[in-house]
Amino acid sequence: MRATILPILVAIGALALSACHGEPPPKREAAQGARAVTVVRLEARPITGSISASGNLMPREEAAVAPEVAGFRVARVLVDEGAWVRRGQTLVQLDSTLLQAQLEQARAQAAQAEDQARRVAGLDNEGVLSQEQIAARRFQAQVARANLRDVQARMRKMAVVAPVSGLVLERTVRPGDLSAGGATPWFRIAREGQIELAAQLSEDDLARIRPGQHATVTLPSGGVAEGVVRLVSPQIDPQSKLGEVRLLLPVREDIRAGGFARAVFQDAGGMGLAVPETALRYDAAGASLMVIGPDNRVRRAPVQTGQRGGGFVQIVRGPPVGSLVVQNAAAFLLDGDLVKPTLAAGAAPAAKAAPAKAAR
């Protein structure tokens, strides 16, 4: 009987011992199932990278050419659109037939008046002629000279010349047209052929641009040119909240005024809350980060991104400052997954005394 009871007691003791140690194995399995991930801290970083902006191509300085005398027919048009002209070059020749007759008459009148004035020279107070007659002859000579100069000046205006050297952008005049004061300009000339891009940027981006900065400009034709910032607007448009940057471009045939181009400023710098580009995840709901909670479980946090550069992306709106996020968002992680976080090499630990602030 005792021999029979002893095996039974041993079996019961073994079952009891097994029941007491049944929980630890599942815990060890859960810990072993936690995925090891590298995390980074959401903090302020220098973002040195690109800012893109678009705008219209326009002449840096444009000269409008119009006739200075009215009532004369156009005899010849000597240049066309796309022509390069030099300062003082004749663009249009007006018909000066009528003015030529006026010039000959003015010369004759001036010669006669000068002769009459010479005849009374030295006769002042001699009693030969009254002082009124002497003064009248001298006055007529002055009027005749002034009239001659006026006709000669108008004769010179029969040649409409270029006020600056540059590229003719537009021509509206034709042979036979009648010159008229205040009319539409006959020519538009881009001084020295210089074209620049008037790019529109937000107020934040404008603060990161400076004169002399370089940018890569993509043209409508697909060509690329290097532009240099000539002017940064001192004001922001109150309606659009945008400011203008003028980029001077090289003189090239494929850079045409009136076109549309896009500029990328590669060396624009600034500070902002940022994470590595690899930390961002994109899906139908938009951009997000995988944030590590106090219990080492991940949760998806939607974010609004800003500037990019140097491998980092600015977080305009998202988790609080100091949050730990998964460095590689491509890792297959779901909300609630348990992970074993390891701070990325080179990342400084957050100060415990500093309270977290929400990113704006």
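Check off (1) within 19 Å of ILE51 (Cβ to Cβ); (2) in a loop (DSSP other than H, G, I, E, B) for ARG252 and give me the number that stays unchecked. ARG252 satisfies all of (1) within 19 Å of ILE51 (Cβ to Cβ); (2) in a loop (DSSP other than H, G, I, E, B) except (1). Got at least one residue in region 195-213 being more than 12 Å from the chain's Cα centre (by Cα), within 30 Å of PRO67 (Cβ to Cβ) and surrounded by 14 or more Cβ atoms within 10 Å (Cβ to Cβ)? Yes, region 195-213 has at least one match.
Taken together, the residues in region 306-321 that are surrounded by fewer than 17 Cβ atoms within 10 Å (Cβ to Cβ) and assigned to a loop (DSSP other than H, G, I, E, B) amount to 2. Taking the criterion of being under 27 Å from GLU203 (Cβ atoms), in contact (Cβ under 8 Å) with a residue 60 or more places away in the chain and buried (at least 17 other Cβ atoms within 10 Å of the Cβ), the residues of region 231-263 that qualify are GLU244, VAL245, ARG246, LEU249, ALA261, ALA263. With the condition kept exactly as written, say whether any residue in region 126-147 is among the aromatic types (Phe, Trp, Tyr) and either touching a Lys or Arg at 6+ places or on another chain (Cβ under 8 Å) or within 30 Å of GLU62 (Cβ to Cβ) (or both). Scanning region 126-147 turns up no residue that is among the aromatic types (Phe, Trp, Tyr) and either touching a Lys or Arg at 6+ places or on another chain (Cβ under 8 Å) or within 30 Å of GLU62 (Cβ to Cβ) (or both).
Does ARG174 satisfy the criteria of being among the basic types (Lys, Arg), in contact with a strand residue (DSSP E or B) (Cβ under 6 Å, 6 or more places away or on another chain) and surrounded by fewer than 18 Cβ atoms within 10 Å (Cβ to Cβ)? No.
Evaluation of VAL325 against the conditions (1) closer than 14 Å to ARG35 by Cβ; (2) within 36 Å of the chain's Cα centre (by Cα); (3) of a type in the set (A, V, I, L, M); (4) modelled with pLDDT of 70 or more shows that the sole unmet condition is (1). Answer with yes or no whether ARG149 is part of a loop (DSSP other than H, G, I, E, B), basic (Lys, Arg) and exposed (fewer than 15 other Cβ atoms within 10 Å of the Cβ). Criteria not met by ARG149.
Only residues that are touching a residue at least 12 places away in the same chain (Cβ under 8 Å), of a type in the set (Lys, Arg) and not in a loop (DSSP other than H, G, I, E, B) were counted in region 152-203, giving 4.
The values are calculated or read from the model by the stated rules, or taken from the named source; none is laboratory data. If you're wondering where the values come from, they're calculated on a predicted model, not measured in any experiment. Heads up, the Cβs are rebuilt from the backbone with ideal geometry, glycines too, and the neighbour counts pull from every protein chain shown.
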